[in-house]
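Peer 1: The structure is given below, and queries will be raised subsequently.
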Ligand code: HEC
């Protein structure tokens, strides 16, 4: 089945190549609206992982070290993804986005905040390998504070 999907995918890519114009499709890196979709989707998958960890940190769900570790690893990877969706030209505020114009007026600060999240998410993934909630908790809280800090300044 996997082989079939791979071969279908390469056929699709080949036919895109032949019909040239299909390659000019709008996508996250050349089209503002698609860039907004891209970053919002990335944030929402990132949040899903974050919420799953929060439930264990708060004790609403029993702590399971291996599930937590998976969520923390995915979260660390996903924390790197949304930002490319802010760099496409024209991906500025509009009806379909909660991003505030201040982002592009204070780009260095916004970028620094995104890098802080990435660094804290990486530390959380490292802490998660300890298998100890006591070690994980402070790392989780450190990662969590980035969300509100940035949203308060840059999200409607
Ligand atoms: C550096 C800034 C920054 C950080 C850090 C940040 N966010 Fe956001 N987030 C934004 C901005 C800006 C938007 C609005 C994006 C848009 O609508 O185009 C957003 C939107 C979202 C959305 C809504 C996505 C949608 O479907 O519209 C969720 C969910 C979200 N963030 C979760 C998080 C979580 C969870 C964290 C922390 C783990 C976090 N964010 C950290 C800037 C940030």
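All of the numbers you see were taken from the coordinates with simple rules; none came from a lab. What you are looking at is a predicted structure, and each value in this text was computed from that prediction instead of being measured. As a convention, Cβ positions derive from the backbone with ideal geometry for all residues, glycine included, and neighbour counts pool all protein chains shown.
Peer 1: Just to be sure before I move on: is residue 70 without any contact (Cβ under 8 Å) to a residue 60 or more places away in the chain, outside any helix (DSSP H, G or I), within 16 Å of residue 121 (Cα to Cα) and out of contact with any strand residue (DSSP E or B) (no Cβ under 6 Å at 6 or more places or on another chain) in the structure I sent? Walk me through how you get there before you give the answer.
Peer 2: Details: without any contact (Cβ under 8 Å) to a residue 60 or more places away in the chain: yes; outside any helix (DSSP H, G or I): no; within 16 Å of residue 121 (Cα to Cα): yes; out of contact with any strand residue (DSSP E or B) (no Cβ under 6 Å at 6 or more places or on another chain): yes.
No; evaluated as a whole, the condition is false for this residue.
Peer 1: Here's a follow-up. Quick check on segment 78-89: of everything there that is within 13 Å of the ligand (Cβ to nearest atom) and either assigned to a loop (DSSP other than H, G, I, E, B) or free of Cβ contacts under 8 Å to residues at least 24 places away in the same chain (or both), which residue is nearest to residue 133 (Cα to Cα)? Before you say what the answer is, go through the steps one by one.
Peer 2: Going residue by residue through segment 78-89, those that are within 13 Å of the ligand (Cβ to nearest atom) are 78-88.
Retained after the next criterion (residues that are either assigned to a loop (DSSP other than H, G, I, E, B) or free of Cβ contacts under 8 Å to residues at least 24 places away in the same chain (or both)): 79-81, 87-88.
Values: 79: 21, 80: 24, 81: 27, 87: 37, 88: 39 Å.
It comes out as 79.
Peer 1: Shifting gears a bit: Taking segment 24-47 as the region of interest, how many residues are surrounded by 15 or more Cβ atoms within 10 Å (Cβ to Cβ), part of a helix (DSSP H, G or I) and away from the ligand (no atom under 11 Å from the Cβ)?
Peer 2: Residues flagged as surrounded by 15 or more Cβ atoms within 10 Å (Cβ to Cβ), part of a helix (DSSP H, G or I) and away from the ligand (no atom under 11 Å from the Cβ) within segment 24-47 amount to 1.
Peer 1: Sticking with this one: So if I check each of 42, 99, 142, which one is without any contact (Cβ under 8 Å) to a residue 40 or more places away in the chain and under 18 Å from the mean Cα position of the chain (by Cα)? If you could, list the steps in order and put the result at the bottom.
Peer 2: Values: 42 fails: without any contact (Cβ under 8 Å) to a residue 40 or more places away in the chain; 99 fails: without any contact (Cβ under 8 Å) to a residue 40 or more places away in the chain.
Of the residues listed, the single one that is without any contact (Cβ under 8 Å) to a residue 40 or more places away in the chain and under 18 Å from the mean Cα position of the chain (by Cα) is 142.
Peer 1: Also: Has segment 123-130 got at least one residue that is more than 12 Å from the ligand (Cβ to nearest atom), part of a helix (DSSP H, G or I), within 22 Å of residue 85 (Cβ to Cβ) and without any contact (Cβ under 8 Å) to a residue 24 or more places away in the chain?
Peer 2: No, because not a single residue in segment 123-130 is more than 12 Å from the ligand (Cβ to nearest atom), part of a helix (DSSP H, G or I), within 22 Å of residue 85 (Cβ to Cβ) and without any contact (Cβ under 8 Å) to a residue 24 or more places away in the chain.
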